1. Considering (1) over 24 Å from Leu354 (Cβ atoms); (2) surrounded by 24 or more Cβ atoms within 10 Å (Cβ to Cβ); (3) without any contact (Cβ under 8 Å) to a residue 60 or more places away in the chain; (4) of a type in the set (Ser, Thr, Tyr), say which one Thr444 fails and leave the rest.
2. Only one of (1) of a type in the set (A, V, I, L, M, F, W, C); (2) modelled with pLDDT under 90; (3) in a helix (DSSP H, G or I) fails for Ile496. Which number is that?
3. Looking at Ser111 and the list (1) at pLDDT below 95; (2) over 22 Å from Val223 (Cβ atoms); (3) part of a helix (DSSP H, G or I), which single condition is not satisfied?
4. Considering only residues that are open to solvent by 40 Å² or more (accessible area, probe 1.4 Å) and farther than 16 Å from His138 by Cβ, which ones fall in the range 187-231?
5. So which residues in the range 443-467 are over 15 Å from Phe214 (Cβ atoms), part of a helix (DSSP H, G or I) and β-branched (Val, Ile, Thr), if there are any at all?
6. Does Leu398 count as outside any helix (DSSP H, G or I) and open to solvent by less than 20 Å² (accessible area, probe 1.4 Å)?
7. Of the numbered conditions (1) touching an Asp or Glu at 6+ places or on another chain (Cβ under 7 Å); (2) modelled with pLDDT under 95, Ser427 fails exactly one; give the number of that condition.
8. Within the range 59-96, take every residue that is of a type in the set (Gly, Ala, Ser) and in contact (Cβ under 8 Å) with a residue 12 or more places away in the chain and give me the one that is surrounded by the most Cβ atoms within 10 Å (Cβ to Cβ).
Amino acid sequence: MDETQAPLLDTSNHARKRNWKTVLEDKWRAIRLSLREPTHRNLVIMATFIGIISGLISLAYSYSLDRLLHGTWKWFPETVLLPLLEKAHARWEWFPAPTNVGWIYTVFVASLFGATAGMMQILVGDPGDMPSTFQTVHSEGIIPIKTAPAMYLCSTFSIVAGASVGPEAPVLAVCGAAISWLSQVVMGHSGQMLKSCTLMGMAAGLTSLFGVSFGGAVFAFEVLHTNGLQYYETLPYGVFASILCLAVHRGLWNLEPFGQIWTFEEVLQETDTRHIGAGFLIGLLAIVLTLMFQQLFAFFKSLWGKLGLVDCKRPVVTGLVGGIVVGIIGVFLPATMFWSEFEMGTVADDSVPLEHVWPKGGFWGLTPFRRGRYTMGLWFLLGFVKLVTITASVVSGLRGGFIFPLMFAGACIGQGLAAIPGIPWWSALPSSLIALSLGGAFTTGITRTPFACTLILSMLSGIPQATVPTLVACLVTFFGTMDRPFFKTQQNRPDIVILEAASSEAQASPVCGGGKRDIESHPPMQPRRSDSVQSYR
């Protein structure tokens, strides 16, 4: 009897397990089907999950980057290297003092990690870049998941090298790629729903690094286009996902409170028409600066090509050269290194020491650079040299974003302009107004993001009174560089058309032809895709 019953029991258990598996599969299939259409309910549900998942991804990226930065630029040089150099100097009279040789470490680390970033492209694959990200989002509605590991590794080593690129764009790409895969493969989304989820992932990732939920989300939506924010129907859900992502990221890491991170010495107390006029003038200056940067970038790209330094063919050598250039410049001007989010604090208040670089004084020793005293000429020098380090970093294949570096360069030049004495009306303007407006406007000229730049700078500076002048400057630059986009793959969404509408008087007045004109007889104007005179890649 036992021999006959045992198979029956096994069969029954197998059938029961199979039934449970079938039930779970059916429920999961039903859930996928219910979340497939881009309805309000489905977008809210997906935004919730996207915000939480993106917060965890951005936290993992930021924490690992922070630990590597701390170990490379603070713990090792201060705890291990400096004591060894001091002992060697005390033992051998011929051995130079640490204050005279510490700068060698800066060049060595920049070169080493620059080459390592290039090596990751060989070992892991092509990480892509911002232009390719824009292209795939427009054409396919996704960011390929295969680029995420390479982007994570290449950008991490590029940033630790001290290059003028930051983590904001890599986190946008990594979160966007992860959410694209989740939406397309796991949830079975396609079309508008797939693109909406990708946009929400991009917005959430970018927000976690900026710390400004609304400004970060708007940036992700604006930067895709030449003519400003266009996927407006997804923006509310992107902002919601960004808020959740920011809460998860900062809450789990205990980075609270978040908001203002720069404290300017001269604060704009109130806004009047003079400041709006200043914003207009600063916007015109930013147009000139934008065109100068485009020419500088074209020159470096041509020069690197003539030297055979093409990152897709020789990524290690190209990354090494980029690291050497960044390191040598950083030795003499330490404030030009890294992605400038924290270095902007030095622009706001030059007594604030630099965050990451070691030694703090570069070639001149271990004490803070220039002992925290920045002159008008030094501000101009920092701003224009920063443009060189941004260009050298990007053309060398060092991956990362340059939003904060652009803001830093513009703000430094703005501080220099504010320090010019004896100019009627201009010299009386607060330096914070000029620095923020020029930093935001210059960044807008490159990235096409006037509203996001205004929101981010106003929030991080804690000067809401600077919002209107900064926005005026950003819009003037935005309009003035409309036909000179920096990113070639920025384009207008293909499903937006502009109707050539006649005036109501022309439609209804009998004097103009008797009777109402048929507006449908006028075909809609097709959206024009702007061609760039300057490609990022």
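The values are calculated or read from the model by the stated rules, or taken from the named source; none is laboratory data. Note that the coordinates shown come from a computational prediction; the quantities given were computed from them, not determined experimentally. Cβ atoms come from the backbone with ideal geometry, glycine included; neighbour counts cover every protein chain shown. In case anyone asks, the SASA skips ligands and DNA or RNA and just uses the protein heavy atoms, side chains included. Shrake-Rupley method; radii C 1.70, N 1.55, O 1.52, S 1.80 Å.
1. Against the list (1) over 24 Å from Leu354 (Cβ atoms); (2) surrounded by 24 or more Cβ atoms within 10 Å (Cβ to Cβ); (3) without any contact (Cβ under 8 Å) to a residue 60 or more places away in the chain; (4) of a type in the set (Ser, Thr, Tyr), Thr444 comes up short only on (3).
2. It is condition (3) that Ile496 fails.
3. Against the list (1) at pLDDT below 95; (2) over 22 Å from Val223 (Cβ atoms); (3) part of a helix (DSSP H, G or I), Ser111 comes up short only on (1).
4. As a first pass, look at the range 187-231 and keep what is open to solvent by 40 Å² or more (accessible area, probe 1.4 Å): 190-192, 214, 227, 229.
Hit for the range 187-231 is Phe214, nothing else.
5. Taking the range 443-467 and keeping what is over 15 Å from Phe214 (Cβ atoms), we get 443-448, 461-463, 465-466.
Then drop every residue that is not part of a helix (DSSP H, G or I), which leaves 443-447, 461, 465-466.
The answer is Thr443, Thr444, Ile446, Thr447.
6. Values: outside any helix (DSSP H, G or I): yes; open to solvent by less than 20 Å² (accessible area, probe 1.4 Å): yes.
Yes: the conditions hold for Leu398.
7. It fails just one condition, (1).
8. Here is the first cut: in the range 59-96, the residues of a type in the set (Gly, Ala, Ser) are 60, 62, 64, 71, 88, 90.
Imposing the further condition that a residue be in contact (Cβ under 8 Å) with a residue 12 or more places away in the chain reduces the set to 62, 64.
Details: Ser62: 18, Ser64: 12.
The qualifying residue surrounded by the most Cβ atoms within 10 Å (Cβ to Cβ) is Ser62.
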